[in-house]
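Some notes on the structure that comes next.
The values are calculated or read from the model by the stated rules, or taken from the named source; none is laboratory data. Remember, predicted model here, so these are calculated numbers, not experimental data. All Cβ positions, glycine included, derive from the backbone under ideal geometry; neighbour counts span all protein chains shown.
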Amino acid sequence: MASERKVIQEATRRVLLKDYLVQESARAGFGGLDIQRTPMGTRVTLICERPGILIGRRGELIKQLTQDIKDRFDLDNPQIEVQEERQPSLNAQLMAEKLASTLERGWHFRRAGHSTVRRIMESGARGCQVILSGKLTGERHRTERFKSGTIKYCGEAVHLWMGKGFYQARLKPGVIGVTVWIMKPTAKLPDEIHVKDVPAPVIAPPPDVMPPVEGDPLAPIPDPGVPGGPL
């Protein structure tokens with residue numbers, strides 16, 4: 001098999017695996033996925049808000065999920081590691097799922113969008129953007145954006161400091177796509193320069209400046225011929 005076909009096949013497998021895990025861990029709050037190839041097999045790191053629901057009693061559910069992944073996607077000795085998300089309000093995928101659930105419960109899209117942005121910024125994020133696209137108010141498709149703070153769309157800052165999440169809200173008029181961008185609180189942008197405190201240098205007076213004269217410098221100089229004047 002050509003190398004190009006192998007790359008396409010591996011990317012397709014990762015996308016299908018992510019979609020499957022999103023459905024299986026919906027109740028636990030899916031927050032992210034990381035797949036790594038190791039000499040011992042394939043390690044799948046799953047981030048969720050409530051890991052206890054996904055692991056199950058005595059690890060029965062996670063064992064069953066591991067076996068299902070091995071059979072469905074033909075992975076070599078898969079090992080699933082479940083991590084808990086300590087700050088769910090700063091996880092873009094979790095906030096996208098929560099916003100989609102809010103829309104499905106009947107909230108108006110403007111109220112839900114502004115509420116999500118406010119919650120993210122109150123958690124300490126440097127910036128966030130919420131994009132809702134679909135049949136929001138009528139039969140025609142439209143897109144609404146809710147933004148606050150600083151957002152980067154390209155460059156190295158996106159890969160280092162930006163998190164992106166996507167989910168779908170299924171309503172009666174149709175499906176609404178929910179996209180959430182969050183900039184981490186620890187983000188350091190390339191144009192931000194911090195100058196250390198440096199003591200100010202002592203500037204000596206120029207050599208041609210005369211030393212100060214005692215007394216009133218504007219007083220008239222007495223005439224030598226006048227009594228009392230200098231000799």
For region 143-174, name all the residues that are in contact (Cβ under 8 Å) with a residue 40 or more places away in the chain, surrounded by 12 or more Cβ atoms within 10 Å (Cβ to Cβ) and within 14 Å of residue 99 (Cβ to Cβ). 164, 165, 166, 167, 168, 169, 171
Looking at residue 57, is it in the same structural domain as residue 36 (by TED's automatic domain parsing), free of Cβ contacts under 8 Å to residues at least 40 places away in the same chain and not hydrophobic (A, V, I, L, M, F, W, C)? yes
Just checking, which of 42, 102 is β-branched (Val, Ile, Thr) and part of a helix (DSSP H, G or I)? 102
Answer yes if at least one residue in region 57-65 is closer than 19 Å to residue 16 by Cα, acidic (Asp, Glu) and surrounded by fewer than 18 Cβ atoms within 10 Å (Cβ to Cβ), and no otherwise. no
I'm told residue 98 meets every condition in (1) in contact with a strand residue (DSSP E or B) (Cβ under 8 Å, 6 or more places away or on another chain); (2) under 29 Å from residue 175 (Cα atoms); (3) not aliphatic (A, V, I, L, M) except one. Can you identify the failing condition by its number? (1)
When region 13-44 is examined, which residues are found to be surrounded by fewer than 11 Cβ atoms within 10 Å (Cβ to Cβ) and among the hydroxyl-bearing types (Ser, Thr, Tyr)? 38
If I ask for residues that are within 22 Å of residue 121 (Cα to Cα) and in a loop (DSSP other than H, G, I, E, B), which ones from region 157-190 would you list? 184, 185, 186, 187, 188, 189, 190
What number of residues within region 92-142 are within 12 Å of the chain's Cα centre (by Cα) and exposed (fewer than 13 other Cβ atoms within 10 Å of the Cβ)? 1
Meets criteria (surrounded by fewer than 19 Cβ atoms within 10 Å (Cβ to Cβ) and out of contact with any helix residue (DSSP H, G or I) (no Cβ under 7 Å at 6 or more places or on another chain)) for residue 53: yes
Are any residues in region 116-165 within 29 Å of residue 20 (Cα to Cα) and touching a Gly at 6+ places or on another chain (Cβ under 7 Å), and if so, which ones? 128, 130, 132, 133, 134, 135, 141, 144
